[in-house]
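The values are calculated or read from the model by the stated rules, or taken from the named source; none is laboratory data. All of these numbers come straight from a predicted model, not from anything done at the bench. Cβ coordinates were reconstructed from backbone atoms using ideal geometry, including for glycine residues, and neighbour counts include every protein chain displayed.
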Amino acid sequence: MHNKVNTALQRLDSILPLLSGLQSLSNEDAGLYCKLLNSYVQQGQTLSREEVSGIVADADQSLNNIVASKLIVLDADGNPTGAYPFTSEVREHKVHINGVTAHCMCALDALSVSPMFNTPTVIDSACRVTADPIHIEQNGTAFTGGTLAAWFGINWGAAADDLVCAESLCLEMMFLKDEETASQWLAESPETREIFDLPLAVEFAAAFFVPLAENCRAAA
């Protein structure tokens, strides 16, 4: 693993420890997270609380346990509205997978989907600086077409202890249309921002998210 990726991976895991959160759950709760996750791939959206109640003995308790492990986000009514890396909100990062379209929390999340599920994906997003469209065709950790000059940017300074990652750091993990744009964005706040070209970004995304999918497959 590239040193830059390894450092970023450790930093993100200290903010959002998803794998250890998953491993801390009971088999029932871990299985529920996997179902919430896979639902996005199967139908472009996750399960409702009502659907969850037909899967586990105590829907509220199980959902709250998974929230405590930082793996999902609930809305005000207790319905799942996100299971990292996916969200039910309409965000700028769309991923087309297996004939369905899902939204992802952030650009890093979008890059993780193809290696997580071992299937080709198409990402449609936009450069955060210029609003130019970003279109990336991906198969695992390889890119097969699209805006391959794009870069990934993260503003580590957006992390906040009093907000879930989906509403803080995730909002500042973005695509940038090319190296020049990325470098200019970085120069505005080099002490808090970091940029990655696409090969390094997908290495980062896969290293962070693929273990979640592997745990789900192992438990199935």
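Out of curiosity, is residue 98 touching a residue at least 40 places away in the same chain (Cβ under 8 Å) and surrounded by fewer than 16 Cβ atoms within 10 Å (Cβ to Cβ)? Break it down stepwise before answering.
Working: touching a residue at least 40 places away in the same chain (Cβ under 8 Å): yes; surrounded by fewer than 16 Cβ atoms within 10 Å (Cβ to Cβ): yes.
In short, yes.
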Subject >> The listed residue being part of a strand (DSSP E or B), at pLDDT 95 or above and hydroxyl-bearing (Ser, Thr, Tyr), out of 121, 130, 181 >> reply: 121
Subject >> All positions within the stretch 14-33 that are among the aliphatic types (A, V, I, L, M) and either assigned to a helix (DSSP H, G or I) or farther than 17 Å from residue 215 by Cβ (or both) >> reply: 15, 18, 19, 22, 30, 32
Original post:
Looking at this structure, is residue 11 within 16 Å of the chain's Cα centre (by Cα), in contact (Cβ under 8 Å) with a residue 12 or more places away in the chain, in a loop (DSSP other than H, G, I, E, B) and within 18 Å of residue 172 (Cα to Cα)?
Top reply: no
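Select from the stretch 158-178 the residues that are crowded, with 20+ Cβ neighbours inside 10 Å and not aromatic (Phe, Trp, Tyr) and write down the one among them that is modelled with the lowest pLDDT. Let's see the steps before the verdict.
Within the stretch 158-178, the first condition is being crowded, with 20+ Cβ neighbours inside 10 Å, and the residues that meet it are 165-166, 169-170, 173-177.
With the extra rule that they be not aromatic (Phe, Trp, Tyr), the set shrinks to 165-166, 169-170, 173-174, 176-177.
Values: 165: 89, 166: 86, 169: 94, 170: 93, 173: 97, 174: 98, 176: 98, 177: 97.
Top of the filtered list is 166.
What's the total number of residues in the stretch 80-136 that are among the β-branched types (Val, Ile, Thr) and out of contact with any Phe, Trp or Tyr (no Cβ under 9 Å at 6 or more places or on another chain)?
The qualifying residues number 7.
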Subject >> Selected residue [of a type in the set (Asp, Glu), surrounded by 14 or more Cβ atoms within 10 Å (Cβ to Cβ) and either over 17 Å from residue 87 (Cα atoms) or in contact with a His (Cβ under 6 Å, 6 or more places away or on another chain) (or both)] from 29, 60 >> reply: 29
**OP:** Those residues that are among the small types (Gly, Ala, Ser) and more than 13 Å from residue 200 (Cα to Cα), I need them from the stretch 128-157; list them, please.
**Re:** 131, 140, 145, 146, 157
**OP:** Could you please let me know if residue 136 is surrounded by 14 or more Cβ atoms within 10 Å (Cβ to Cβ), assigned to a strand (DSSP E or B) and within 13 Å of the chain's Cα centre (by Cα)?
**Re:** no
Original post:
For the stretch 24-62, which residues satisfy the criterion of being of a type in the set (S, T, N, Q), over 25 Å from residue 90 (Cα atoms) and touching a Ser or Thr at 6+ places or on another chain (Cβ under 9 Å)?
Top reply: 24, 26, 62
